[in-house]
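The values are calculated or read from the model by the stated rules, or taken from the named source; none is laboratory data. For clarity, every value in this text was computed on a predicted model and none was experimentally measured. Every residue, glycine among them, receives a Cβ derived from its backbone with ideal geometry; neighbour counts consider all protein chains shown.
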Amino acid sequence: MQVYLDNNATTMVDPLVVQEMMPFFSEIYGNPNSLHKFGTASHPAISKAIDQVYTAINASDADDIIFTSCATESNNWVLQSIFTDYIVNGDKNHIITSEVEHPSVLSTCKFLEEQGVKVTYLPVNDQGIVEAETVRGFITEKTALVSIMWASNETGMIFPIAEIGEICKEKGVLFHSDAVQAVGKIRVDLQKVHVDFISMSAHKFHGPKGIGALYIKDSQALTPLLHGGEHMGGRRSGTLNVPYIVGMGKAIELATENIEITGAKIREKRDRLEDALVELSDTFVVGERWNRTPNTILISIRGVEGEGMLWDLNNGQIGASTGSACASEDLEANTVMLAIGADNELAHTGIRLSLSRFTTDEEVDYTINHFKEAVARLRAISSSFAKQQPTVGGEVQECELH
Amino acid sequence: MAKADILGESLWDAYSDKVTTLMNNPLHQGEIFEADAQARGHKLIVADFGAESCGDAVRLYWEIDSKTDTIVNSKFKSFGCGTAIASSDVMTELCIGKTVKEAVKITNIDVEMALRDDPETPAVPPQKMHCSVMAYDVIKKAAGLYMGVDSESFEEEIIVCECARVSLKTLQEVIKLNDLTTIEQITDYTKAGGFCKSCIKPGGHEEREYYLVDILRDTRREMDEEKMKAAADASASGESKFEDMTLVQQIKAVDAIIDDSVRQFLVMDGGDMEVIDIKPTDEYIDIYIRYLGACNGCASSATGTLYAIESTLKEKLSSNIRVLPI
């Protein structure tokens, strides 16, 4: 058996999605911008996909949802164009984000800092989320944008987007949310929450890689990131990626049409897995379960280094993830775990397991067994569980490395 | 970056078979207990290096025959990734049968070499080279405990890059000799900074005492100072060329000439001048001056007087001088 538990990284494309995409490669291949029937033949399918995306997040017809190549593009677009429109060509000079955003937000913010923008990186609380009132405290007259993720890729923790949205609305500040880990996992209803922009990515909800979208409330102005032809009303140039747009439409529909029911089924398996793993001594899971996306567990196992654990899981045909790979050049420990104030010791021991609607009960059982075996083996090797004490003078007083 | 780097090699695929095998089945993993070592008439040394909070920790056990100082048995415990476990395993293997003095000579490079499948291919990818450094450090610590000396005493020089074992002295020499100005050049010349990258600048994998960025900056400053000192020495002995002087020296030299040979004539006519700036261009060394008093607006100030000033400076300092009144 092999078990894929890295669905926050990417997901399997649902075969129903592939089926929907197939005609648009070699049968209906015209450029939708062409006047001839080869071009217009794809219009009904694109319209349908647009409807599917609007319906999935309950956007209003006055809003824009523009297809992009990925959420990294969507995040870059918002941040770089807010810079152009409100900072270079306006009187603002401040962006608020959090310490735990995806690199496509954090790196872009660092880039903007180099261009002279003031960026505030908000800390998270012990649950790994930014508190709404913290956001309020940092908004000034110079603030152009608040960009806070909807849910964390590392912990699955859901941020108080509704409250932050209200604060931004009250203060008249634009609000962007990277909703990559929320759309398709939990209900995202844009009639109930105030956000100006959200980023999405199809491959996180069983759609294809290479397609994402940016939601723009009330079709408000935002300088394009990609200039070129008049595609998608001139907002984002580049020939429409017809099969992928069709695929994203189908994928978001499948992921959201019964999201409460599907989510509950995933949650049940996740909870069972989590309950079994925390039976192991000296473990803890980040974030309260009720406020997490239903598929995610970030568990810390004392004495077992994250990458070593991944290695053993991989030997058992289980794909998982760690934010604490000891090979990473910059990230010594899991930044999210450090940010939530976890013990330093635990910050190197995080393993993320992320399920999907395709995860089976058998796979959960198999994972529980292998996970426990791997922990037993690695703890047997681990210096943290050694019995013979060091020779006097041979003990480590404090971290001699980093 | 080039074609081969576009996808990038998978970290684990770059491990040698030996690393993989030892990670899965380490041969010397385990503990030696005090009572057992004593029962065999041996001395036990147990040394820790690193900590869980660092992301890497190793505990090394040496059972030593005190009569011969020979390590008769060695085991390890490790909190770390696959390469850390495999490195620790090979390290204990290398220690067994050696005297403590011999063991101290084992470096991280030896450990990494022992993990290779063939001598030409590195056992681990560059960013993992760091893991074998732990093995080196813990051996020094164990030897220090046994011999009752500070483990740092085994280190003859200051090692800045542990992965490639490049010393501070080597780096300073290479920077000076080759007039290096970038970190990339330092890595090309010495391999320092080419592996785990911790030693390049603060904030990397591991906190270091010395960083390449600081060494480069300080060495460059030292080089500049040496240059300035040489210029000052040459100037003092009257041998220096105007072009090689520092700006301050140039201004002083120009002022000295003006005082000696020019100012008296200007003052006689109720005028004066001052040097504003000196700027070397591709063709000239431009000296910007300002006329004061009666000179200011005097017809000759743009012709005869200017010519006299310029030719005096040209003759005494450099034929490249051009004087520009502003």
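Values computed for the structure shown
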| quantity | calculated |
| --- | --- |
| Members of segment B:5-33 that are acidic (Asp, Glu) and either under 16 Å from residue B:83 (Cα atoms) or free of Cβ contacts under 8 Å to residues at least 12 places away in the same chain (or both) | B:5, B:13, B:17 |
| Residues (in contact (Cβ under 8 Å) with a residue 12 or more places away in the chain, surrounded by fewer than 21 Cβ atoms within 10 Å (Cβ to Cβ) and hydrophobic (A, V, I, L, M, F, W, C)) located in segment A:67-105 | A:70 |
| Matching residues, segment B:277-307, being farther than 20 Å from residue B:240 by Cα and surrounded by 16 or more Cβ atoms within 10 Å (Cβ to Cβ) | B:289, B:291, B:295, B:298, B:301, B:305, B:306 |
| Enumeration of residues in segment B:97-122 that are outside any loop (DSSP other than H, G, I, E, B), in contact (Cβ under 8 Å) with a residue 12 or more places away in the chain, more than 21 Å from residue A:383 (Cα to Cα) and of a type in the set (A, V, I, L, M, F, W, C) | B:100, B:103, B:109, B:114 |
| Wholly enclosed strands (runs of 3 or more DSSP E) of segment B:240-326 bearing at least 1 residues among the basic types (Lys, Arg) and either touching a helix residue (DSSP H, G or I) at 6+ places or on another chain (Cβ under 7 Å) or closer than 30 Å to residue B:229 by Cα (or both) | B:271-280, B:321-325 |
| Residue B:190 loosely packed, with under 15 Cβ neighbours inside 10 Å, in contact (Cβ under 8 Å) with a residue 24 or more places away in the chain and within 29 Å of the chain's Cα centre (by Cα) | no |
| Selection within segment B:169-187 - buried (at least 17 other Cβ atoms within 10 Å of the Cβ) and among the aliphatic types (A, V, I, L, M) | B:171, B:174, B:175, B:180, B:183, B:186 |
| Scan of segment B:11-40 for residues that are among the small types (Gly, Ala, Ser) and within 11 Å of another protein chain (Cβ to nearest Cβ), ordered by number | B:14, B:30, B:35, B:37 |
| Residue check for residue A:153: buried (at least 21 other Cβ atoms within 10 Å of the Cβ) and closer than 23 Å to residue A:350 by Cα | yes |
| Residue under evaluation residue A:24, criteria (1) closer than 24 Å to residue A:236 by Cα; (2) touching a residue at least 40 places away in the same chain (Cβ under 8 Å); (3) surrounded by fewer than 18 Cβ atoms within 10 Å (Cβ to Cβ), criterion not met | (3) |
| Some residue of segment B:165-176 being without any contact (Cβ under 8 Å) to a residue 12 or more places away in the chain, assigned to a helix (DSSP H, G or I) and over 30 Å from residue B:73 (Cβ atoms) | yes |
| Single unsatisfied condition, residue A:198 versus (1) under 19 Å from residue A:56 (Cβ atoms); (2) part of a loop (DSSP other than H, G, I, E, B) | (2) |
| Listing of helices (runs of 4 or more DSSP H) fully contained in segment A:1-98 that carry 3 or more residues being of a type in the set (S, T, N, Q) | A:43-57, A:71-82 |
| Checking residue B:252 against (1) loosely packed, with under 13 Cβ neighbours inside 10 Å; (2) outside the structural domain of residue B:187 (by TED's automatic domain parsing); (3) among the basic types (Lys, Arg), the condition it does not meet | (1) |
| Conditions (1) modelled with pLDDT of 95 or more; (2) acidic (Asp, Glu); (3) more than 15 Å from residue A:390 (Cα to Cα): number failed by residue B:52 | (1) |
| Test: residue in segment A:292-312 that is more than 23 Å from residue B:132 (Cα to Cα), assigned to a helix (DSSP H, G or I) and touching a residue at least 40 places away in the same chain (Cβ under 8 Å) | no |
| Restricting segment B:46-96 to residues that are farther than 17 Å from residue B:31 by Cβ, among the hydroxyl-bearing types (Ser, Thr, Tyr) and not in a strand (DSSP E or B), the residue that is nearest to the other protein chains (Cβ to nearest Cβ) | B:53 |
| Residues of segment A:27-67 classified as within 17 Å of residue A:188 (Cβ to Cβ) and modelled with pLDDT under 95, total | 0 |
| Residue B:70 vs. criteria surrounded by fewer than 20 Cβ atoms within 10 Å (Cβ to Cβ), in the same structural domain as residue B:16 (by TED's automatic domain parsing) and in contact with a helix residue (DSSP H, G or I) (Cβ under 6 Å, 6 or more places away or on another chain) | no |
| Any hit, segment B:159-179, residues being closer than 17 Å to residue B:90 by Cβ and touching a Leu at 6+ places or on another chain (Cβ under 8 Å) | no |
| Residues (small (Gly, Ala, Ser) and touching a strand residue (DSSP E or B) at 6+ places or on another chain (Cβ under 9 Å)) located in segment A:138-180 | A:144, A:147, A:151, A:152, A:156, A:165, A:177, A:179 |
| Candidates A:207, A:184, A:137, A:165, filtered to the one that is more than 26 Å from residue A:61 (Cβ to Cβ) and either touching a residue at least 24 places away in the same chain (Cβ under 8 Å) or more than 19 Å from the chain's Cα centre (by Cα) (or both) | A:137 |
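Residue-wise test of (1) of a type in the set (S, T, N, Q); (2) away from chain A (no Cβ under 14 Å); (3) under 27 Å from residue B:81 (Cα atoms); (4) under 25 Å from the mean Cα position of the chain (by Cα).
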| position | (1), (2), (3), (4) |
| --- | --- |
| B:115 | no, yes, yes, no |
| B:136 | no, no, yes, yes |
| B:147 | no, no, no, no |
| B:151 | yes, no, yes, yes |
| B:165 | no, yes, yes, yes |
| B:173 | no, yes, no, yes |
| B:181 | yes, yes, no, yes |
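Okay, residues lined up against (1) farther than 13 Å from residue B:60 by Cα; (2) more than 14 Å from chain B (Cβ to nearest Cβ); (3) at pLDDT 95 or above; (4) surrounded by 21 or more Cβ atoms within 10 Å (Cβ to Cβ):
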position	(1), (2), (3), (4)
A:362	yes, yes, yes, no
A:369	yes, yes, yes, no
A:376	yes, no, yes, no
A:387	no, no, no, no
A:392	yes, no, no, no
A:395	no, no, no, no
A:402	yes, no, no, no
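Every residue, every condition in (1) of a type in the set (Val, Ile, Thr); (2) under 18 Å from the mean Cα position of the chain (by Cα); (3) at pLDDT below 95; (4) surrounded by fewer than 16 Cβ atoms within 10 Å (Cβ to Cβ), yes or no:
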position: A:277; (1), (2), (3), (4): no, no, no, no
position: A:281; (1), (2), (3), (4): no, no, yes, yes
position: A:286; (1), (2), (3), (4): yes, yes, yes, no
position: A:292; (1), (2), (3), (4): no, yes, no, no
position: A:298; (1), (2), (3), (4): no, yes, yes, no
position: A:305; (1), (2), (3), (4): no, no, yes, no
position: A:317; (1), (2), (3), (4): no, no, no, yes
position: A:323; (1), (2), (3), (4): no, yes, yes, no
